[in-house]
Amino acid sequence: MSKMTPNDWWKGSVIYQIYPRSYQDTNNDGVGDLNGIAKRLSYIRDLGVDAVWISPFFQSPMDDFGYDVSDYCAIDPMFGSMQDFDKMLAKAHSLGLKVMIDLVLSHSSDQHPWFAQSRLSRDNERSDWYVWADPQPDGTPPNNWLSIFGGSAWQWESTREQYYLHNFLSSQPDLNFHCSEVQGALLDVARFWLDKGVDGFRLDTINFYVHDKQLRSNPALSPEQRNESIAPSVNPYNYQNHLYSKNQPENLVFLKRLRTLLDQYEGRTLLGEVGDAQYGLEILGQYTAGNQGAHMCYAFEFLQSRCLTPDWISTTFARLQDVAADGWACWAFSNHDVMRHISRWDLSQQAAKCHSTLMMTMRGSACIYQGEELGFTEAKLPFHALQDPYGIEFWPEFNGRDGCRTPMVWDAQANNGGFSNGNAWLPVSDDHLHKAPSNQVGIAGSMYSHYQQAIAMRHAYPALARGELLDMQASDRTLGFQRELDGQIIYCIFNLSEAPVQVDMPAGEWQVIEQKLDGLVVPETGEKVMLNAWHYVIALQILEK
Ligand code: BGC
């Protein structure tokens, strides 16, 4: 049944991701801040989204730009103060926007006082708060686990004469979830923010929380089994099947504790990030089934270099049905970790518009990334401008994540596109300037207006976000499917190619609710319709009385 209460707002919602460093600077230090977000909330509300997810703004040495937290309950001064946060939250709520914040619980910064204490000795109060292990007899690391950001996942600590685990940078030590005090401390962090009134959490890397207690080495994958869905092909992280370094069943035990806490509050939500090249959708299914773990999981299927061909989309949804029928996905094409999808899939503006409409017809929730609504391409940066340690490590084959993190632009004529009057921490892309909202908002046919329209359509027809997916048909060029909710049936057909193709409207009476057809032809039942490149028809079935 589709009975929705206001607490279920997350189900099928459209979430707008803000990367705070690059959104809007208000104190001219070249880095975005919370006051900047507050200033732009009405722009976000006007887009029509339900919620924002704000990437980390907590106290941090910024080795991984905030994904390395040294105090989970403090705002980093570069982003403002707790008062600024409270004001921003209140403003968002007054505009009807939900606010989700990004909790990075799997690891902390090495500057966190917990780690500072843990590394001191093998027998202090927090000695087992991180994952410590003795070297092998030959002095090498305890096993073959790799860090995503390059090299071994183990870093030597001379004081303890032991290694500690880090799945990302060596300055991001992995918290030990086998230690009950660690779980308790992290639940306290969640409680702190829930009490402040946030509407939910985007949970970073939830399948990395727990490691195998026996520290077994991961098996190798054959070259054919490797895939680059979560790391670039030049990264040897793809060579392993990460059976033991992540995806442990105890992850769900912690998620259930977190969910129990969350359920004590009204209308809050958990969006878990599940990064796994082999078992992503299965894990999504396990973690979101039965209202006991996360409400939804962030899927990586459409964040890859692989284009959204009709076949890939239908294979993904079929697989989701097989392994996660009771689960809930959140789809994204772009975010702060991957090349912007217009560049990744080499899309024309028209193709990008078609993709945005397609996303708004997908069952699940949907996440759009700042600048996507303006049609941003990946920014090109020379090596000397790179900030991301991941890109610096794998340059030049992989340039890292700076190209998708360059600042927003607001006004085509203003200094730094209106982002900052200081020296922007990453250069504003010249290619983005003419795409500023000053050139797009309120302009018919602009990318921004297109997103607005597609989001409004999704809200007007709940079958698009929450309905069952029926009869998905993929051909070389077209993807057709129906969505059904409470008797409302919607038919969608997309030409996902550069060539024209003729399609048949299905039998029955249809009222077109959205279309991109040359000549604005309204198709009739059973009629052959010519879909030119990236054209589509979305139609509501008219039921006989
Ligand atoms: C975040 C990344 C971050 C990593 C480590 C992720 O998946 O999205 O930006 O570098 O977790 O926290």
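The values are calculated or read from the model by the stated rules, or taken from the named source; none is laboratory data. These figures come from a predicted structure and were not determined experimentally. All Cβ positions, glycine included, derive from the backbone under ideal geometry; neighbour counts span all protein chains shown.
For segment 1-81, which strands (runs of 3 or more DSSP E) that fit wholly inside it have 2 or more residues that are under 21 Å from the mean Cα position of the chain (by Cα) and not assigned by TED's automatic domain parsing to the domain that holds Gly96? Before the answer, list the steps.
Details: elements: 14-18, 51-54, 71-75.
By residue number, no strands (runs of 3 or more DSSP E) qualify.
Exactly one residue out of Gly417, Gly400 is within 16 Å of the ligand (Cβ to nearest atom) and without any contact (Cβ under 8 Å) to a residue 24 or more places away in the chain, and it is Gly400. Out of curiosity, is Ala116 part of a helix (DSSP H, G or I) and either on the phi > 0 side of the Ramachandran plot or without any contact (Cβ under 8 Å) to a residue 12 or more places away in the chain (or both)? Criteria met by Ala116. Per this entry, Ala190 is not counted among residues that are modelled with pLDDT of 95 or more and surrounded by fewer than 21 Cβ atoms within 10 Å (Cβ to Cβ).
On the given criteria, is Asn124 modelled with pLDDT of 95 or more and either within 16 Å of the ligand (Cβ to nearest atom) or buried (at least 16 other Cβ atoms within 10 Å of the Cβ) (or both)? Break it down into steps so the answer makes sense when it comes.
Details: modelled with pLDDT of 95 or more: yes; either within 16 Å of the ligand (Cβ to nearest atom) or buried (at least 16 other Cβ atoms within 10 Å of the Cβ) (or both): no.
So Asn124 does not fit the description; no.
Selection of strands (runs of 3 or more DSSP E) fully inside segment 148-247 by the criterion of at least 3 residues being of a type in the set (A, V, I, L, M, F, W, C) and within 30 Å of Asp8 (Cα to Cα) returns nothing. Taking the listed residues Gln370, Gln387, the one that is surrounded by fewer than 22 Cβ atoms within 10 Å (Cβ to Cβ) and in contact (Cβ under 8 Å) with a residue 40 or more places away in the chain is Gln387, with no other qualifying. Taken as a whole, the structure leaves Tyr265 outside the set of residues that are surrounded by fewer than 21 Cβ atoms within 10 Å (Cβ to Cβ) and under 21 Å from Asn167 (Cα atoms).
Considering only residues of segment 1-25 that are surrounded by fewer than 19 Cβ atoms within 10 Å (Cβ to Cβ) and touching a helix residue (DSSP H, G or I) at 6+ places or on another chain (Cβ under 7 Å), which is modelled with the highest pLDDT?
Lys11
The single condition among (1) in a strand (DSSP E or B); (2) modelled with pLDDT under 95 that Gly508 does not meet is (1).
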